[in-house]
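Trainee: Supplied in structure tokens, the structure appears directly below.
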Amino acid sequence: MNKLHGTISATFAVGNSLRNLNLNGNQLEGLLPPSLQNCKKLEVLDLGNNKINDTFPYWLESLPVLQVLILRSNRFHGFIASSKTELSFQKLRIIDLSNNEFSGDLPAKYFENFLAMIDAPPEKLKYMGESYYQDSVVIVIKGFDIKVARILNIFTTIDMSNNNFKGEIPKLIGKLKALKGLNLSHNKLSGSIPPSFGNLINLEWLDLSSNELAVEIPQQLTEITSLAVLNLSDNRLVGPIPHGKQFNTFDNTSYSDNLKLCGFPLSKTCNNTSDEAEQSSSKPFQQFGDLEQRNGFNWKHMVLMGYGCGLVLGISVGYIVLFNKQPDCFTKIVIKYWRRMMG
């Protein structure tokens, strides 16, 4: 939070003891110096809110104890290549690449290697840092920029929002059971929301808004009972919204601008009931059609039978009236018989 400008020094010596490097909120430009990989004891690297113009520094994955990586709001660009090492970023618990120009698919291989986010939270709670210095960081939590003055060892979050990522969301994210927050909003992600997200039992906020996600919202998401903030707005999601548990607490804003979504809390109801009623009302006609096929006759035969009977009866009555030449008498008989039937 100064007005430092120019480039970052390229002289990080081998064997240095640097543990925290925070250059957030300056006007630094240029490339990241590869000599940063000499900082084998580096736990926190915060370069957010600068003007650094570079590709993803994949060589940082070799840092054995790196836990916090913040590159947000710079000019990073290009694809994030596949992992170059077998266990890359295995200690990483906070990664923020938001507000850059990254493109291509999300780095699925990295998600698989985030061992600190896969394992259950540690039993003993403690803050990052040392007795005389506590690490702090500014990140987006539940949609708000919040300064975390002290970072607990159970705090884990992934923010890759406001980039140009495309393709499907990796199912592997569902393995990160210790994850607290996930923000992939404002990209070009397509396909479906992985049902494996139901395994994220510690997740407190999930933002997938402003993408191109389609298909239905998986019912498995209702298993995330710790979920406090959900934003799926501005996608192409379809079908009924799952209900039960935490999903009964979210309002319309969680689902807005998904024209084919229906059900609570939206005012648009789903048509399942009317469809069932229509199907049930058509069953008698379907059964009648089956009867036609089994018995070898149909409605045309019935009409012809009725027409034939009526024709014979009409000719007979006419013959009797003309033969007797007493139509008035016949009319009286018919009226008398009709009154008896109606009485």
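The values are calculated or read from the model by the stated rules, or taken from the named source; none is laboratory data. As the structure is a prediction and not an experimental result, all values here were calculated from the model. Glycine also receives a Cβ, built like all others from the backbone with ideal geometry; neighbour counts cover every protein chain displayed.
Trainee: So which residues in segment 185-213 are in contact with a Phe, Trp or Tyr (Cβ under 8 Å, 6 or more places away or on another chain) and within 11 Å of L232 (Cβ to Cβ)?
Mentor: L206
Trainee: Find all pairs meeting these conditions: Cβ atoms under 6 angstrom apart; at least six residues apart or on different chains; first residue within segment 221-243 and surrounded by 15 or more Cβ atoms within 10 Å (Cβ to Cβ); second residue basic (K, R) and in a loop (DSSP other than H, G, I, E, B).
Mentor: Within 6 Å, the pairs are V229/K142.
Trainee: Looking only at segment 1-18, which residues are in contact with a strand residue (DSSP E or B) (Cβ under 8 Å, 6 or more places away or on another chain), farther than 25 Å from L63 by Cα and in a loop (DSSP other than H, G, I, E, B)?
Mentor: K3, L4
Trainee: Something else about it: Select from segment 168-197 the residues that are of a type in the set (G, A, S) and either at pLDDT below 95 or crowded, with 18+ Cβ neighbours inside 10 Å (or both) and write down the one among them that is farthest from the chain's Cα centre (by Cα).
Mentor: So the residue we want is A178.
Trainee: Just one of L45, L32, L92 is part of a loop (DSSP other than H, G, I, E, B), buried (at least 17 other Cβ atoms within 10 Å of the Cβ) and over 28 Å from the mean Cα position of the chain (by Cα); which is it?
Mentor: L32
Trainee: Looking at F111, F79, can you tell me which residue is aromatic (F, W, Y), more than 29 Å from F250 (Cα to Cα) and touching a residue at least 12 places away in the same chain (Cβ under 8 Å)?
Mentor: None of the others qualify; the one that does is F79.
Trainee: Separate question: Out of L63, L106, L71, L97, report the one residue that is buried (at least 22 other Cβ atoms within 10 Å of the Cβ) and in contact with a Cys (Cβ under 8 Å, 6 or more places away or on another chain).
Mentor: Criteria check complete, one pass: L63.
Trainee: Could I ask something else about it? Of all residues in segment 125-154 being assigned to a loop (DSSP other than H, G, I, E, B) and within 23 Å of the chain's Cα centre (by Cα), which is nearest to S210 (Cα to Cα)?
Mentor: Checking each candidate, the answer is G143.
Trainee: Further question on the same structure: Sort out which residues of segment 90-135 are small (G, A, S) and modelled with pLDDT of 85 or more, and write them in order of number.
Mentor: S98, S103, G104, A108, A116
Trainee: If a residue must be outside any loop (DSSP other than H, G, I, E, B) and among the polar types (S, T, N, Q), how many such residues does segment 59-89 contain?
Mentor: 1
Trainee: Search segment 119-163 for residues being touching a residue at least 60 places away in the same chain (Cβ under 8 Å) and aromatic (F, W, Y), and hand back the single one that is nearest to I95 (Cα to Cα).
Mentor: F155
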